[in-house]
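Here is the structure we will look at, set down as structure tokens.
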Amino acid sequence: MKLFITGIGTEIGKTVCSAILVQHFKADYWKPVQSGDLHYTDSDKIKNWTDQTICHPETYRLQLAASPHQSAKAENIQINLNEFQLPETQNSLIVEGAGGLMVPLSEDTFMMDLIEKLKIPTALVVRNYLGCINHTLLSVMALQQRNIILEYLILNGEFPQDTESVICHYMKKETKIIKIPEIKSTDNEQITTAAKQLIITKL
């Protein structure tokens, strides 16, 4: 099983959700682009929050905490899609993107182009806020236009029933739903508990 974790925006819990899936599926982890926070990367978080996870090295490690294309430009680097290759592993693999689908890697390539190149299914992380329905449905439409498989819709945290109902109604039947409860303190115990209690449902 290989899965690309993307989201409807930034700061909606992709890394926490990735950690839970890593723990649940006993998977390896790969962050293709780390933009900023090199002192405590997403790979470092996964190592701390999960049990003996193999974290494959990033293709690009950029110092500036900004959009990857801006971070790369600050270091005179041009992010090249051809540089990205899925790590070789016998385990399942969780790949975590940066931000949402249209986060630029360069002036003319975006995170969705990377997903398309890697040719693996996606999981879309959604968090409840005013506007999340719009952002979710637009993201789903974008994936459908590229014929990228949406394997899982991840509802991260609590959702009003009306919001959840509209979002799930728009999903195709092959997309499975994962509900992750609010994680109050991010640590190994909380992640392990959430991974053990993970429920995957079909529409």
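The values are calculated or read from the model by the stated rules, or taken from the named source; none is laboratory data. This structure is a prediction, so every number in the text was calculated from the model and none was measured. Note that we place each Cβ from the backbone using ideal geometry, even for glycine, and neighbour counts take in every protein chain shown. SASA here: full protein model, heavy atoms, side chains in, ligands and nucleic acids out. Shrake-Rupley method; radii C 1.70, N 1.55, O 1.52, S 1.80 Å.
Dipole size of segment 73-203 about its Cα centre, with +1 on Lys/Arg Cβ and -1 on Asp/Glu Cβ: approximately 480 debye, rounded to the nearest 20. Between I183 and any residue 5 or more places off or on another chain, the built amide H atoms are never under 5 Å apart. Structure remark: mean-square fluctuation, Gaussian network model of the chain, C-alpha springs under 10 Å; the largest value among L118, L105, L138 belongs to L138. With both labels modelled 7 Å from their Cα along Cα-to-Cβ, the R61 to T201 distance reads 4.2 nm. Taking the accessible area of segment 28-157, probe 1.4 Å, and keeping the other protein chains in place, the carbon and sulfur fraction comes to 47%.
Shape index of segment 49-139: Rg/Rh, with Rg the Cα radius of gyration and Rh the Kirkwood radius from the inverse mean 1/r over Cα pairs, equals 0.98. Using 19 Å as the Cα-Cα cut-off, could you pick out the over-long pairs in K26/K47; K14/K179; K31/K179? Among K26/K47; K14/K179; K31/K179, the Cα-Cα distance tops 19 Å for K31/K179. Mind checking which lysines have their C-alpha under 16 Å from K173, skipping anything on the same chain fewer than 8 residues away? List returned: K202. Kirkwood analysis of the Cα pair distances in the chain returns a hydrodynamic radius of 17.1 Å.
For segment 58-69, backbone phi angles converted through the Karplus equation (6.51, -1.76, 1.60; θ = phi - 60°) give residue-by-residue couplings of 5, 6, 10, 10, 10, 6, 6, 7, 7, 4, x, 5 Hz, Gly and Pro being listed as x. Averaged per residue, the chain has 51 square angstrom of accessible surface, using a 1.4 angstrom probe with ligands and nucleic acids left out.
Only one residue of Q144, T192, N82 has its Cα farthest out toward the positive end of the dipole of the chain, where Lys and Arg carry +1 and Asp and Glu -1 on Cβ, and that residue is Q144.
Counting every Cα pair in segment 13-95, what percent are over 16 Å apart?
Value for segment 13-95 (Cα pairs over 16 Å): 52 percent.
The coefficient of translational diffusion for segment 97-203, derived via Stokes-Einstein from the alpha carbon Kirkwood radius under 37 °C and 0.692 mPa s, stands at 219 µm²/s.
Hey, in the GNM for the chain with a 10 angstrom Cα cutoff, which one of S18, S92, S185 fluctuates hardest? Maximum fluctuation in the GNM of the chain, among the listed residues, is at S185. The GNM of the chain, with springs linking C-alpha atoms under 10 angstrom apart, assigns the highest mean-square fluctuation among R61, R146, R127 to R146.
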